[in-house]
Amino acid sequence: MLLNLACSDGMIAGFGTPISAAAAFQYHWPFGDELCVAYAMIMSTAGIGSITTLTALALWRCQLVVYCPAKRSGAFANHHSSGSGGGSAKLGRVQAAILLTLIWIYSLAVTCPPLFGWGRYDREAAHIRIVSTLEYLFLFIYN
């Protein structure tokens with residue numbers, strides 16, 4: 001889980017920051033429409049993947065704190081449960097693989113619709129960054 005978070009944040013830092021900086025220094029988007037869409041797709045997917053990974057980690061830790069306090073001998077002791085209720089302090093490989101798969105499916109489900117004609121990736125008002133218009137979400141919710 002932490003490696004997934006590091007990779008998605010590293011993608012944002014390594015790919016997004018130099019492109020954003022170059023566009024900001026030139027006061028407009030100089031890279032063309034193809035890189036515009038690719039940049040928006042990659043940055044949106046990595047950002048949502050990162051936020052969703054943080055959410056999953058927070059929920060997992062919250063579950064350990066709320067449902068396993070009786071199994072601890074000290075205030076901050078972190079013992080493994082022995083099977084009768086509660087959760088384990090470790091996330092199993094299968095659980096982690098399923099969770100990571102769900103995180104990336106969710107991230108792609110939110111960021112791919114503009115590639116199929118639902119909404120679009122477009123320049124923001126200052127014409128420096130590329131953003132998703134998210135029209136498809138409003139059409140889905142309000143229709």
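Of the helices (runs of 4 or more DSSP H) lying entirely inside region 1-69, the ones with 1 or more residues being among the charged types (D, E, K, R) and at pLDDT below 90 are found at 33-67. Out of Ser82, Ser107, one residue alone is at pLDDT below 80 and either surrounded by 10 or more Cβ atoms within 10 Å (Cβ to Cβ) or assigned to a loop (DSSP other than H, G, I, E, B) (or both). It is Ser82.
The values are calculated or read from the model by the stated rules, or taken from the named source; none is laboratory data. This structure is a prediction, so every number in the text was calculated from the model and none was measured. With ideal geometry, Cβ positions are generated from the backbone for all residues, glycine too; neighbour counts draw on all protein chains shown.
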